[in-house]
Each structure stands twice: as structure tokens, then as C-alpha cells.
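All remarks here apply to the structure that follows.
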């Protein structure tokens, strides 16, 4: 099973290198990927949201999802699974960014991006599409730059979304951020 996944991973990476490679993307993908370094773009967005009273709780929940993703992905799974990065000599790849020194599975950039995007999409509807587009671009950049396998990115998406849903669930269960329906139900019950 693992060998089949590895074969499919290599095929997809080779396909991306053969069909998407361009001077424009060679310049933009390192920048897109850098936005995801240590969750930079998401932390910057959290800081901006913290400055607004309306979205302060969303910022805190987003930060919680990011922390959860970092602990589970970078702190645990990468070390337990210990998957090596894609072999660059396979198709003569010249990296456009410094070679990462950590293990490959799951993609940390993807995990943090989807953890943040999941929370933002839930609470800031007008940011749903831009947040997921940015998360998707950061995830794709890791494949384009040949530093992750597609299954690393899929694992990062699943882990990131699981962290966002968990953070949302905890915030609802603790009453930190009730859903609008729950708030409306509470108000109508207290008015009777």
C-alpha cells in the first residue's frame, strides 16, 4: 500500500514539474511558500483580527487551531512517521528554496494554512474563499518547489481542517464562541 502511494506521489510530482514549470511560477512560488513559513501570513492575520473587537474571538480560535496543528504535525507526527523528503536527484531537480531539514509528513505549511483557513471560513464568511484559495496556493507551492509529496499535502489538509474543527468545537462547548443559532435560541428563551 505504502509503495503504491509513493509511486503515485512521484508520478504527480513529475507531472507538476513537466507541465507547470515556468519562469513566472519559479519566481512566485518561493514567495507564496514563504508566506506559510512558521505560519507567518496566518499569524499576521491573527494580529490584525485581534485589533478589531468584532473578530477578536475568531483570532484567538484561529491561534488555537494553529498551535494544535503545530503540536500534532511538527511536534508529533513528523517525528513518529519520519518520512524523508522527495529525492531531488530523481528527475534532476534544482531547488528554488533552501532544502528543508525536517521530515516530510505531514506538510507543516499546509497544516497551518488549512487550520487557520478553516476557522476563518467559519466565522468570517466574506473571507472563506480568499482564505481557502491562499491555503491551497501555499499547499501547491510545496509540491511545485518539490519539497513535499502530494500525500504529505493531503495529510496536512486533513490535519489542518481537523484542528480547525476541533478548535471551533471547543470554543462552542466552552461557550467562548457560540454559534449564531445558539445565540438566537438563547435570546429567544430568555425573552419568554
List every residue pair whose Cβ atoms lie under 9 Å apart, where the two residues are 6 or more positions apart in sequence or sit on different chains, the first residue falls within the range 10-25 and is over 18 Å from residue 138 (Cα atoms), and the second residue, located anywhere, is modelled with pLDDT under 90 and surrounded by 15 or more Cβ atoms within 10 Å (Cβ to Cβ). 10/86
Of the candidates 28, 62, the one satisfying the condition of being assigned to a helix (DSSP H, G or I), surrounded by 11 or more Cβ atoms within 10 Å (Cβ to Cβ), touching a helix residue (DSSP H, G or I) at 6+ places or on another chain (Cβ under 9 Å) and in contact (Cβ under 8 Å) with a residue 60 or more places away in the chain is 62
Being on the phi < 0 side of the Ramachandran plot, modelled with pLDDT under 95, surrounded by 20 or more Cβ atoms within 10 Å (Cβ to Cβ) and touching a helix residue (DSSP H, G or I) at 6+ places or on another chain (Cβ under 7 Å): is that true of residue 145 here? yes
(1) within 16 Å of the chain's Cα centre (by Cα); (2) over 16 Å from residue 159 (Cα atoms); (3) modelled with pLDDT under 95: which one isn't true of residue 26, the others all being true? (1)
All-but-one check, residue 53 against (1) touching a residue at least 12 places away in the same chain (Cβ under 8 Å); (2) more than 25 Å from residue 3 (Cβ to Cβ), failing number (1)
Test residue 81 against the criterion of being loosely packed, with under 15 Cβ neighbours inside 10 Å and within 18 Å of the chain's Cα centre (by Cα), and give yes or no. no
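The values are calculated or read from the model by the stated rules, or taken from the named source; none is laboratory data. None of the values given here were measured: they were computed from a predicted structure. Using ideal geometry, Cβ is built from the backbone for each residue, glycine included, and neighbour counts are taken over all protein chains shown.
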